Amino acid sequence: MSDPFDDQFPPRLVAEGREGDNAAPLSVGELSLKLKRMVEGEFGHVRLRGEISGFKRAASGHVYLALKDADAVIDAVMWRGQADRLPFRPQDGIEVVATGKLTTYPGRSKYQIVIERMELAGEGALMALLEKLKAQLAGEGLFDPARKQPLPFAPQTIGVVTSPTGAVIRDILHRLADRFPTHVLVWPVKVQGEGAAAEVAAAVRGFDAMPADGPVRRPDLVIVARGGGSIEDLWAFNEEVVVRAVAACSIPIISAVGHETDTTLCDHAADVRAPTPTAAAEIAVPVRAELANAVATMGLRAERYARRYHERAGERLAALVRVLPRRDALLGPQRQKADDLGAKLDRALERRVTAARGVLDRAAGALRPAVLERKLDTLRHRLDGAGKLLDAVNPDNLLQRGYVRVGAKASGKVVASAADARAAGAVTLHFRDGIVDARVERSGAKSYAGDKPEQPDLF
């Protein structure tokens, strides 16, 4: 069976106006704009309860997510300004109540909610978020007992991170003054509300960054403290930024947040958890009066032990003296040995003196005048014989008998042969009464037996 409408208006190749149709066709953009106005006008302010899904924060700082329940899903966006003011860190699976307005996104033909404020949907959702964050940080080892640092016994300077106007700082200062007066540095911070977590984390990092030799003494211990309150009041100390700052601090930290029944993630990250701020001051320092009493008691005990030790040492010495042999018994053999050595020494000295006296007597006998005179006569005869021998061999004595000693004029050496005379050329003739210079005129002449030797010319 055919549709009468199709029969009345059969399809055409080119769109034309139809009879009775006074509305012009809308563009897609016009329709999207009408829908946007209608949705925003009808749902300008809505509150939605749902579970976060697909949470993502863009590089621009804007947040994109979806809210869902068992029946439906709606996209959501939160601009950077509102996202930065969130009192918690959104995560998938957390149930929240979002306040904002509905709008459309023509680029994708979809509608979404622009969130202006987002809160956790009741305390159950808050606890779920807390447990989820706790499990994440514990998995990273931030709560590991092996990371805990021991507290100093008597810190000279204590840093306190808390509100400067609350009762907490007064309680801490009063308790420290009663127990052990200590220098305190207070880093004032907000302890709840917007920006509290960032201030607490910055204070912890600030104490940690102080130089050890700076103008202000670096704390030996830090106390992070706040009074009691609801879980929402204490939420800043559950923030991840605070937990990481406390866990990374190189200074030992005591966490004293809330009352004894209150527990925050800051307590798990700190080195020691105190049930109250006052208890934190008690943990931080000892009692000076108790220390003084302990020192006095130890002094008395040390004196008593020293006296007892002295007495017992005297008793042991007396017992040893009784069992030791007498002095004469110990020294008798040594005394006898010394006497024997003394006697031997006397005899040895006597023999030595006797031998020396014999040597002296022999030397004295050798020095008698008769013996000495004989020795002198012998030496005198020997000296006379040497003198006569010297006169006999003295060549100058031959000159007295007409002999001549010939010497080379240049060198003064004795000329003992004709060859030496020819070699010298000029000679000196030594006579008994003087010397005469001569030159060899002819050389090479030989003398034969029976011939009269030639005489050199003199000048």
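The values are calculated or read from the model by the stated rules, or taken from the named source; none is laboratory data. Given the structure is predicted, the values throughout are model-derived calculations rather than measurements. No Cβ is skipped: glycine too gets one built from the backbone with ideal geometry, and neighbour counts run over all protein chains shown. Accessible surface areas use protein heavy atoms only, side chains included; no ligands, DNA or RNA. Shrake-Rupley method; radii C 1.70, N 1.55, O 1.52, S 1.80 Å.
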| query | Counting only residues that are in contact with a strand residue (DSSP E or B) (Cβ under 8 Å, 6 or more places away or on another chain) and either more than 21 Å from Ala236 (Cβ to Cβ) or touching a residue at least 60 places away in the same chain (Cβ under 8 Å) (or both), how many does the stretch 150-165 have? | reply | 11
| Selected residue (criterion: farthest from Asn397 (Cα to Cα)) from residues of the stretch 419-443 that are touching a helix residue (DSSP H, G or I) at 6+ places or on another chain (Cβ under 7 Å) and open to solvent by 80 Å² or more (accessible area, probe 1.4 Å) | Ser443
| If we scan the stretch 284-298, do we find a residue that is at pLDDT 90 or above, among the basic types (Lys, Arg) and open to solvent by 40 Å² or more (accessible area, probe 1.4 Å)? | no
| message | For the stretch 153-160, check the following and say yes or no: at least one residue is at pLDDT 95 or above, in the same structural domain as Phe237 (by the TED database) and among the hydrophobic types (A, V, I, L, M, F, W, C). | response | yes
| remark: Filtering the stretch 223-252 down to residues that are under 25 Å from the mean Cα position of the chain (by Cα) and either open to solvent by less than 10 Å² (accessible area, probe 1.4 Å) or not small (Gly, Ala, Ser) (or both) yields Cys249, Ile251, Pro252
| task | Please work out which residue is modelled with the highest pLDDT, limiting yourself to the stretch 22-57 and to residues that are part of a loop (DSSP other than H, G, I, E, B) and surrounded by 10 or more Cβ atoms within 10 Å (Cβ to Cβ). | result | Phe43
| remark: Sole miss for Ser60 among (1) assigned by the TED database to the domain that holds Ala236; (2) touching a helix residue (DSSP H, G or I) at 6+ places or on another chain (Cβ under 7 Å); (3) not in a strand (DSSP E or B) is condition (1)
| note | Scanning the stretch 166-189 for residues that are touching a residue at least 40 places away in the same chain (Cβ under 8 Å) and in contact with a helix residue (DSSP H, G or I) (Cβ under 6 Å, 6 or more places away or on another chain) gives Val168, Asp171, Ile172, Arg175, Leu176, Phe180, Thr182
| Top-ranked residue in the stretch 67-94 [being closer than 20 Å to Leu126 by Cα, of a type in the set (A, V, I, L, M, F, W, C) and at pLDDT below 90; ranked as most open to solvent (accessible area, probe 1.4 Å)] | Leu86
